[in-house]
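So the structure is just underneath, and the comments pick up after that.
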Amino acid sequence: MKAKSERRRLFIGDQGLLMNWDIQKTVWDYIFSKECCPVNFSESPLIITEPYFNFASIQEAMAEIFFEEYECQSFLRVNASDLSDYHYRKDNSSAQGCLVVDCGYSFSHIAPYIKGKKHKPGIKRIDVGGKLLTNHLKEIISYRQLHVMEETYVMNQIKEDACFVAYDLMANMAKAKKKYPENDIVMDYVLPDFTNIRRGYIRTLDQPPITEQQKLRLNNERFSVPEVLFHPSDVGLDEMGIGEAVSYCVSRCPSVVQSHLYANILVTGGSSLFPGFKERLFKEVRASAPDEFEVNITMPEDPTTYAWHGGAMLSRDPDFYSFVVTKEEYEEEGPTICMERFDG
Amino acid sequence: MSGRGGYSRESGRLKDANQRRVLDEATRQRRARQAVEALDSDNFHDDPHGDLVANKNAPKFQDTLDTRETRKRRSKSADYYKFKYRRTLPQMIEYESLVRPEQPTFVDAQVPPSNFPKRNFCAVCGFPSGYRCITCGVRYCSVSCLATHAETRCLKWTA
Ligand SMILES: [Zn+2]
Ligand SMILES: [Zn+2]
């Protein structure tokens, strides 16, 4: 086993990390501008989210920018799933733990929380997120049908409109091999031309064929793309998929809390929005979890804003101001105060 | 099924293979790695609706001259942060080990390899595949997909 892990390539994209300060500052300037979300930092505390195990050099730069540049009076740096866990505890006051599965844009994370505290050895990252899935769809469509490598925006819409997670991959493959109408997966996607058609749309094969518009034929692409979340090795990425990683992360937690984690799985993030996601995840987790444990998966109505709402709730918590670092503290004690308070 | 050509007869294929250049394992792995890296590449493209939608206030990243002009009033420019904090990944990892020794890091948080066997899909059509291209090792499922593969990507990928 060791030999295998040593041969393994380190896979880190820098895209999910905050590295380009020039662009990032432009984004923040816009976000806090009059036109977007005018905010008075002398009155409003700021909660900012970052990936798990973010680099200290990035954290220090963020603190400096917000305290010195924006003159932020109080500042709280958290992981987005900290806020999801907080939200979940407000909704489920008897829950003893929560396993957050967050499928984002640059990567997906599994993070166990035990009574509100994250258990760091159980936090793992899968380097598959919405960006990789869109790139994969672009790549296979460009090879099989039409060159769309520069059409990220449209391809992302196709992914959102047409892709789904297969409950049983091989059964779907077998069906997709057949011809319509026995194959109810195959469909056309009419591409936008940005004059008559401003947004692409699905056209099922029971409708009369159209010839005047450019279209793509979608078949196994519809489910083989999201499948990468569950089997990153399908695209050559040597990592566990989400289902397998859930059991792995739970196994890295104290045995007394494992049943609570299986019973309180919370799914968030835009890449969890594929139809069939929850059912497939349940199937995989149920198959690997010990039989005596209950498995429960909660999918919020809007998995993309669940953490944000958790943050809004946290800002009304009576203890909120004991979590933040103030400008005065930062000026007196320097950047280490952030690490002391936020890393606990 | 028009692309059968020399692939339909078993003997022809084998003879062909003897004459053909066969990629070594290191090259095969390098090509596979490049493919994964391409999937992680930045994929920003302009929203084609950009000019059509009403929001004219969205940030424009191209006009750095303008923004620099307005930012002069501020104490520190974006360039200040850029130069103070722009570190390469190896530098960030090294700094991390000084600041938080013996703590799990971003690198450690990568999930381990799967314990399930790797599944094989045709590089051309995406359906389950039972065969490997003799030349480059890529998966294919049928004679027509092998023909497409040979005509398009087989050796053309190697730079
Ligand atoms: Zn094929
Ligand atoms: Zn080949």
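The values are calculated or read from the model by the stated rules, or taken from the named source; none is laboratory data. Note that this is a predicted model, so its numbers are computed, not measured. Neighbour counts run over all protein chains shown; Cβ positions are idealised from the backbone, glycine included. Keep in mind that these areas ignore ligands, DNA and RNA; they rest on the heavy atoms of the full protein, side chains included. Shrake-Rupley method; radii C 1.70, N 1.55, O 1.52, S 1.80 Å.
Applying the selection to region B:120-146, what residues are away from ligand 2 (no atom under 11 Å from the Cβ) and among the aliphatic types (A, V, I, L, M)?
B:V143
Using beta carbons and a limit of 6 Å, which pairs, at least six apart or on different chains, have the first residue in region B:135-157 and touching a residue at least 60 places away in the same chain (Cβ under 8 Å) and the second one within 8 Å of ligand 1 (Cβ to nearest atom)?
B:L146/B:Y140; B:T148/B:V124
Here is a yes/no grid of residues against (1) touching a residue at least 40 places away in the same chain (Cβ under 8 Å); (2) open to solvent by 30 Å² or more (accessible area, probe 1.4 Å):
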position	(1), (2)
A:E160	yes, yes
A:E182	no, yes
A:V186	no, no
A:Y201	yes, yes
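One line per residue, one yes/no per condition, for (1) open to solvent by 10 Å² or more (accessible area, probe 1.4 Å); (2) assigned to a helix (DSSP H, G or I); (3) free of Cβ contacts under 8 Å to residues at least 24 places away in the same chain:
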position: A:R125; (1), (2), (3): no, no, no
position: A:V128; (1), (2), (3): no, no, no
position: A:L132; (1), (2), (3): no, yes, no
position: A:H136; (1), (2), (3): yes, yes, no
position: A:I140; (1), (2), (3): yes, yes, no
position: A:M149; (1), (2), (3): yes, no, yes
position: A:M155; (1), (2), (3): no, yes, yes
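So, A:K177, is that one touching a strand residue (DSSP E or B) at 6+ places or on another chain (Cβ under 7 Å) and open to solvent by 60 Å² or more (accessible area, probe 1.4 Å) or not?
For A:K177, the condition - touching a strand residue (DSSP E or B) at 6+ places or on another chain (Cβ under 7 Å) and open to solvent by 60 Å² or more (accessible area, probe 1.4 Å) - is not met.
Residues are listed down the side, and each one gets a yes or a no for (1) over 28 Å from A:C98 (Cα atoms); (2) touching a helix residue (DSSP H, G or I) at 6+ places or on another chain (Cβ under 7 Å); (3) modelled with pLDDT of 95 or more; (4) open to solvent by 10 Å² or more (accessible area, probe 1.4 Å):
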site	(1), (2), (3), (4)
A:Q214	yes, no, no, yes
A:R217	yes, no, yes, yes
A:P226	no, yes, yes, no
A:F230	no, yes, yes, no
A:A245	no, no, yes, no
A:C249	no, yes, yes, no
A:D291	no, no, yes, yes
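Each row is one residue, and each column tells you yes or no for (1) in the same structural domain as A:I265 (by TED's automatic domain parsing); (2) of a type in the set (G, A, S); (3) touching a Cys at 6+ places or on another chain (Cβ under 6 Å); (4) more than 26 Å from A:H109 (Cβ to Cβ).
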{"position": "A:F32", "(1), (2), (3), (4)": "no, no, no, yes"}
{"position": "A:S44", "(1), (2), (3), (4)": "no, yes, no, yes"}
{"position": "A:A63", "(1), (2), (3), (4)": "no, yes, yes, no"}
{"position": "A:E71", "(1), (2), (3), (4)": "no, no, no, yes"}
{"position": "A:L76", "(1), (2), (3), (4)": "no, no, no, no"}
{"position": "A:D85", "(1), (2), (3), (4)": "yes, no, yes, no"}
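Condition first: assigned to a helix (DSSP H, G or I) and either within 13 Å of another protein chain (Cβ to nearest Cβ) or within 8 Å of ligand 2 (Cβ to nearest atom) (or both). Now tell me which residues in region B:147-159 satisfy that.
B:T148, B:H149, B:A150, B:E151, B:T152 - these are the residues of region B:147-159 that are assigned to a helix (DSSP H, G or I) and either within 13 Å of another protein chain (Cβ to nearest Cβ) or within 8 Å of ligand 2 (Cβ to nearest atom) (or both).
From B:F106, B:F121, grab the single residue that is facing chain A (nearest Cβ under 7 Å), surrounded by 16 or more Cβ atoms within 10 Å (Cβ to Cβ) and within 11 Å of ligand 1 (Cβ to nearest atom).
B:F121
Got a number for residues in region A:31-54 being closer than 27 Å to B:D40 by Cα and modelled with pLDDT of 90 or more?
Result for region A:31-54: 7.
Going by the conditions given, is B:G137 open to solvent by less than 50 Å² (accessible area, probe 1.4 Å), part of a loop (DSSP other than H, G, I, E, B) and near ligand 1 (Cβ under 8 Å from one of its atoms)?
When the stated conditions are applied, B:G137 does not pass them.
Inside region A:30-53, can you point out the residues that are more than 7 Å from chain B (Cβ to nearest Cβ) and either within 23 Å of the chain's Cα centre (by Cα) or assigned to a helix (DSSP H, G or I) (or both)?
Correct list: A:I31, A:L46, A:I47, A:I48, A:T49, A:E50, A:P51.
Please go through region A:164-174 and pick out each residue that is within 12 Å of chain B (Cβ to nearest Cβ) and open to solvent by 90 Å² or more (accessible area, probe 1.4 Å).
Residue satisfying the conditions is A:M170 alone.
Could you pull out the residue among A:K131, A:K138 that is more than 22 Å from A:Y306 (Cα to Cα) and basic (K, R)?
Going through A:K131, A:K138 in turn, just one is more than 22 Å from A:Y306 (Cα to Cα) and basic (K, R): A:K138.
A:F107 passes all but one of (1) farther than 16 Å from A:V267 by Cβ; (2) modelled with pLDDT under 95; which number fails?
Going through (1) farther than 16 Å from A:V267 by Cβ; (2) modelled with pLDDT under 95 one by one, A:F107 breaks only (1).
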